[in-house]
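Q: To start, I am sharing the structure in question, which I have written as structure tokens.
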Amino acid sequence: MKKIIIFISYIFITFSIFAQNYYEIPYVGKHSKLTKLTLEEENKFVKENSIKRIYEVPKLDEKDHYGFFTEEEDSMLWNHDIYAELMECYREDIPDETGNFVLSVYRLMYDFKTTTNLNLDENDKIERKCLGQILYVPSNGKFIQYDKLIYFSDVRFKGLQSTIGVEANNYQFRICGENVFVFKTKLWITHSTHGLDEETMTYKMDRQSENLIFRTGINNLIDKTPVCEVKVDYPLIDKNNPFKYSAQNAYDGDPSTSYVEDTENDLFEIKFNFEPYKSYYSDKKVSGIYIINGYALNDTVYLANNRIKKIIYGSKNNPMMNICSDNKLDFQFFVFERKLYRLTLQIDETYAGKKYSDTCLAEINLVFDDSSLFF
């Protein structure tokens, strides 16, 4: 019984990683400038862009009826409805590659007030179970809805009532010439309540991340087209920011941010898959990579953490290998012996950090066979 209580406490602590007030401020990366609107600016923005205050919500369980209500909406709440209070509005100013701010989007944060069926029990008095984020982008002189995200979700039912978990989603932008790349990351942890291992008295837990890269244009941001799927091991989670070490940081163009793994052996694998999007890359193959190794914020942080030493790629039957240089906080370039439509990089060996064993990757960019870069 003591072991069960200890493990349940561990689960609570793990899920509580996201359960802090910090989540009221959206994460946009270090490039962008984030400004909270005043009440006057907020009212002006809502009025000028004809923003409605009622939205659908992502499906949170198997029931058919869902509503996303604000306090201003005069309607009956079902026991599985959610109403959302517009809490804070932010303007995100996004710079181009020269550092000039050339694009602005708005992130409207909604506080979901949940009824008891979304709580673990009727005695759960937590008022904020999750936070909604609605992203607005410029289009034809107005800002229109781009996507709805659950930026944060506390412990809740997911699908079957025997599974609970936490979830966080985020968009990040990077401008490359006339192209805008949009990086979407979803992080979640699920815990199966019926998966008790009686020998170890632990429950089965599953941590996963999904990463999708879109490409669009500054003048047509609403038309985002998926171009690449990225699969990478679950990142280290900072309690003050769930996206601080996510895969977005490895291709955001900023060497001072980093993807940091959270694996048992401190090694990781990253996969780029263009196959579902052949219409954009059907005539191109990956012929090399540029990387900035480690956590390249500065020399101290770089040496404190693990850096990549050996990278293996290619097929299992005919693998290729490269050794990364250490003490180099700049790009390293590796040419492949053969060109690939898909790329799987397996980190097989590391240089040990002086303080931490986390392995870090500051930047990665793919080189196609026509010498063009992905970003």
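The values are calculated or read from the model by the stated rules, or taken from the named source; none is laboratory data. What you see is a predicted model; the values in this text were computed from it and never measured. Backbone-built Cβ (ideal geometry, glycine too); neighbour counts: all protein chains shown. Accessible surface is based on the protein model in full, side chains and every heavy atom, while ligands, DNA and RNA are left aside. Shrake-Rupley method; radii C 1.70, N 1.55, O 1.52, S 1.80 Å.
Q: Are there GluC sites (Glu not before Pro) in the range 245-340 that DSSP marks as loop and that have at most 16 other Cβ atoms within 10 Å, and which are they?
A: Taking the range 245-340 and a limit of 16 other Cβ atoms within 10 Å, the loop GluC sites (Glu not before Pro) found are E264.
Q: What net charge do the residues around C324 carry, taking every other residue with its C-beta under 13 Å from that of C324, with Lys and Arg at +1 and Asp and Glu at -1?
A: -1
Q: In terms of the ratio Rg/(2.2 N^0.38 Å) built on C-alpha atoms, what value belongs to the range 240-375?
A: Normalised Rg, Cα atoms only: 1.04.
Q: Can I ask one more? Report the one residue of A296, S246, Y280 whose Cα lies farthest in the direction of the positive end of the charge dipole of the range 229-296 (charges on C-beta: Lys and Arg +1, Asp and Glu -1; origin at the Cα centre).
A: Result: Y280.
Q: Okay, next question. For the pairs K316/K355; K271/K310; K33/K284, note any where the Cα-Cα span goes beyond 28 Å.
A: Result: K316/K355; K33/K284 exceed 28 Å.
Q: If you take the beta carbon distance between K354 and N273 as r and set R0 to 30 Å, what does 1/(1 + (r/R0)^6) give as a FRET efficiency, to the nearest 0.05?
A: That gives a FRET efficiency of 0.25.
Q: Next question, about the same structure. Take E48, E363 and sort them by solvent-accessible surface of the protein heavy atoms, 1.4 Å probe, largest at the top.
A: Largest to smallest exposure gives the sequence E48, E363.
Q: Taking the C-alpha atoms of the range 217-304, how large are the radius of gyration and the largest Cα-Cα span, Dmax, in Å?
A: In order Rg, Dmax, the Cα atoms of the range 217-304 give 15.6, 45 Å.
Q: Give me the number: length gained by fully extending K36 to I144, i.e. 0.36 nm times residue separation minus the C-alpha to C-alpha distance, one decimal in nm.
A: Gain in length upon complete extension: 37.0 nm.
Q: OK, next. Going 7 Å from the Cα of S325 along its beta-carbon direction, which residues of the range 291-317 have the amide nitrogen within less than 17 Å of the resulting point?
A: Correct set: 291-296, 299, 303, 307-311.
Q: Count the net charge of all other residues whose Cβ sits under 12 Å from the Cβ of C176, scoring Lys and Arg as +1 and Asp and Glu as -1.
A: Cβ neighbours under 12 Å give a net charge of -2.
Q: Oh, and also: Give me the extension gain from L212 to M87: residue separation times 0.36 nm, minus the current Cα-Cα distance, reported in nm with one decimal.
A: 42.2 nm is the gain from fully extending L212 to M87.
Q: How large is the Kirkwood hydrodynamic radius of the range 320-375, counting all unique pairs of alpha carbons, in Å?
A: For the range 320-375, inverting the mean 1/r across all distinct Cα pairs yields 13.6 Å.
Q: Right, next: Once both labels are modelled 7 Å past Cα along the beta-carbon direction, what's the K239-S372 spacing in nm?
A: In this crude label model, K239 to S372 measures out at 4.7 nm.
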